[in-house]
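Beneath this line is the structure, given in C-alpha cells, with notes to follow.
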Amino acid sequence: MDTTARKWTGRAIQLVLGLAVLAYVGNWVRGHLMSTRDRLHVSGVSTLPDTLGPGDLRIYNADSTLDVVLIGDKIAAGLSPKMIAKVRSDIDSSKSKHDSGLAGDFARFVTGTVASKIGMHAMFPLKDLKDVHYDGGKLVFDWRTGSDHTLFQTTNINGKKADDTFTEAEAQKLIAAVHARQKELGYTP
C-alpha cells in the first residue's frame, strides 16, 4: 500500500472514530441532561456570556463546579467557569502525551472537540417552567408538562448527587429571581 492510500485510510478511520465518539458523547449528554420520557424541552445548548444583564443571576453549587443561570427568558445549566477552566487545563496538559502518528491525530481530534464543547450549557425556556422550589436539599423545577425535574438528576460529583450540592441560600436567590422574571414576562404559574 502506498503512502497516499495509507493516509486516506487513516483519515477515513479517524473520521469514523470521531463520528462514533461524537455520537456517544451526544447520546450521553442527552440522557444525562434531560429525560426523554417526560419530554422536557431543551431550547438549545450554548456558551454563556461572561457578564449578565439586569435581573439575570448565576448561582453556583457548594464547590463551584456547576452553575444554574437565569439569563433573559431562559434557565441555563452546566459546568461553572472554574470547572471549565480546570477541564481545559487538564486537556491541554494531556495533549503533550500524544505527539505523533494516527493515535496522536485521533487524540488531538477528540480532545479538541471536547475542549471546544465543554463550556456549553443546556438552555431551558422560562415559559415552560411552572415553578422552582428548594425541597429536601435540592433545587426542583416543576415544568408545565406536569413533570418535576432537578436539572442535574443523574449527575454525580465525587460520588455525590450534584442536585444535593446547591446551598439553600443560593437556591433561594435563584427562586426569587425566577419568580420576579416570570412576573415581569407575564408567565403565570
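The values are calculated or read from the model by the stated rules, or taken from the named source; none is laboratory data. On a predicted model such as this, the values are computed, not experimentally measured, just so you know. Cβ atoms come from the backbone with ideal geometry, glycine included; neighbour counts cover every protein chain shown.
Given the criteria farther than 30 Å from ARG108 by Cα and either aromatic (Phe, Trp, Tyr) or modelled with pLDDT of 70 or more (or both), does GLY18 qualify?
No: the conditions fail for GLY18.
Have a look at GLY146, GLY186, GLY159 and point out the one that is of a type in the set (Gly, Ala, Ser), within 19 Å of the chain's Cα centre (by Cα) and over 18 Å from ALA76 (Cα atoms).
Answer to the selection: GLY159.
Is there a residue being touching a Lys or Arg at 6+ places or on another chain (Cβ under 8 Å), hydrophobic (A, V, I, L, M, F, W, C) and either surrounded by 14 or more Cβ atoms within 10 Å (Cβ to Cβ) or without any contact (Cβ under 8 Å) to a residue 12 or more places away in the chain (or both) anywhere in the range 145-158?
yes
Counting residues that are modelled with pLDDT of 85 or more and farther than 21 Å from ALA62 by Cβ, which helices (runs of 4 or more DSSP H) fully inside the range 73-189 reach at least 2?
Helices (runs of 4 or more DSSP H) meeting the threshold: 168-185.
I'd like to know if the range 29-45 contains one or more residues that are on the phi < 0 side of the Ramachandran plot, in a strand (DSSP E or B) and either within 15 Å of the chain's Cα centre (by Cα) or modelled with pLDDT under 70 (or both).
yes
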